[in-house]
1. Strictly over 19 Å apart at the Cα level, which of LYS116/LYS160; LYS224/LYS275; LYS124/LYS148; LYS166/LYS205; LYS228/LYS252; LYS235/LYS256 would you flag in this model?
2. If I take every Cα pair under 8 Å that is 6 or more residues apart in the range 141-265, average their sequence separation and divide by the length, what percent do I get for the relative contact order?
Amino acid sequence: MPSNVSLKEELDLRLHEKTCDELHVLNLQQVVDSPTHSFQIINDLQMHYKEVFAKDRTDLSLILTLGKANQLGPPALDALKKGLQDHLRMLKQTETNTKQPNAVLEHDAAKRRADKLAEILRSKLIWDNTHDELQILDASDISIRYQKLVSLQQSCDILKMYSLDKSQLETFEKIREEFLAWYSPATILALDSNDIKQLENIREKYSSLDRIQVFESNLGGYPKSKLKSFFESKKDELSLWNILDEIFTIWKRCHKTIDSFIAENGSEFVCKNLKEAIESNWQTILSVITTIISNAESPFIAAKSIGKYGSM
C-alpha cells in the first residue's frame, strides 16, 4: 500500500473493485496489525455505502417511474401525469448529477462486501478476545464459560469459511468437549427421572455448540447403558425371563421421551440401540440358554423351558 494512501481510502478502493476478494482484504498488513481500527473504518464505510445506495436507488426509482408517466392513460389521471412530466423535465435538466444504474450497482456491491468484511472482522475480534478470556476463566464458572463457548462457536462458524488458526481451533474444540463431557451422564440421569425440562436445557447446550449429533448419540446410549448395568448387577441371577423383562422395561421407560427429542421415531430409535446392546451381550445371554439346556432332564424339557419365555 503506498504511504500516501490511508487505510480507509485503500479499503474503499478495494471494496469497489469488481474482483474484490474479502479474504485478501482481511489479510492486508494494516488490517492484520490493527483489526480493531480496521473494524471501525469498515463500520464507517458501511454507513456511507448504505446512505449513498439508499439515495441513488431512490433517485433511480423515481426516474424510472416518471419515465413511464405517459403510460398512465385514463383522463382522470391527467393532472397527475402533467405534474410528473414537469418533474421529469426538471430532473432531465440535472441529469448529469443523477446516478446511473451502474453506479447504484457498484455502491450496492461495495456495501455487500463491506458488510461481509465487517462480519469477518467482528468475528475475528470476538474469537481472539474470547479465546484468551477462556484460557484464564475458572472451570467452575459454568454459566460464563458456556456463554464464552457460544460466542466462540458463532465466530468459528463464520471464520472457518475464511481463515482460522488451526491451533486455536483445536484448543477450542478440546475445551468444548471438556465442557460437554459432564452433560453425557446428566442426560442419563434426566432420562432416568423423565426430566423433560432438564433434557431440553441439555439439548440447547449441545445445539448451540454445534454438537447436536452427540446429544442424540447420548440418547441412544441410554438403553445400552441401562442394559449393560443390568447384566453387570444381575450376573449371578440372570434368567431369560428377567432379561426380556428388563429389555421391555427400558423400552417402555424412555421411548416416548426420546421420541420428542429426535427426528426419527423414538420407539424405533430405542429398539435399534437395544438390539445393539443385546448383540454386545449375546455371549452372556447364550450362557444363560446353555445353562438351561445343561440343567434340563431332556432336550424336550429344555426346549419347553426356553419356549415358555417367548410365550410370556
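Only the coordinates and a few stated rules stand behind these numbers; no lab work does. Note that the structure is a prediction, hence the values are computed from the model and not measured.
1. LYS166/LYS205; LYS235/LYS256
2. Once normalised by length, the contact order is 24 percent.
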